[in-house]
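The values are calculated or read from the model by the stated rules, or taken from the named source; none is laboratory data. If you're wondering where the values come from, they're calculated on a predicted model, not measured in any experiment. No Cβ is skipped: glycine too gets one built from the backbone with ideal geometry, and neighbour counts run over all protein chains shown. To get the accessible areas, we keep the full protein, side chains included, count just its heavy atoms, and leave off ligands, DNA and RNA. Shrake-Rupley method; radii C 1.70, N 1.55, O 1.52, S 1.80 Å.
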Amino acid sequence: FTRVPLYESCSVVSNVEQVLAIELLAACQALEFHRPRKTTAPLEEVYKLVRTVVRPWDKDRYMTPDIEAATQLLRGGKVWAAVEPYINHYRAASNEPPPK
């Protein structure tokens, strides 16, 4: 890679991380509208994790800090860590081999 394509690649990855963070926040907010009903155990774990850093929206507010907090959860692998035990359990139950 030369410097320009490498920089552009890093920029694309950063943008994708932010889009995923926004989608994660939107999904958690959608769950708020369906409470007291629950979703699956792995998704409840993700919901609880996100709510440790971002409170639900009950009025308009500046979203950049929330997006950044959710982005850091994704970058830090915390979302994966929250669901990994469930994924491993489902793989073992279905005799699916672990990824390489």
Every residue from the stretch 47-74 that is among the β-branched types (Val, Ile, Thr) and surrounded by 13 or more Cβ atoms within 10 Å (Cβ to Cβ): 50, 53, 54, 67, 71
Residue count, the stretch 75-96 (criterion: open to solvent by less than 60 Å² (accessible area, probe 1.4 Å) and touching an Asp or Glu at 6+ places or on another chain (Cβ under 7 Å)): 2
Set 24, 31: member being open to solvent by less than 60 Å² (accessible area, probe 1.4 Å) and within 12 Å of the chain's Cα centre (by Cα): 24
Any hit, the stretch 62-81, residues being farther than 18 Å from residue 18 by Cα and of a type in the set (A, V, I, L, M, F, W, C): yes
Filtered residues of the stretch 67-100 (kept if out of contact with any helix residue (DSSP H, G or I) (no Cβ under 6 Å at 6 or more places or on another chain), at pLDDT 95 or above and among the small types (Gly, Ala, Ser)): 69, 76, 77, 81
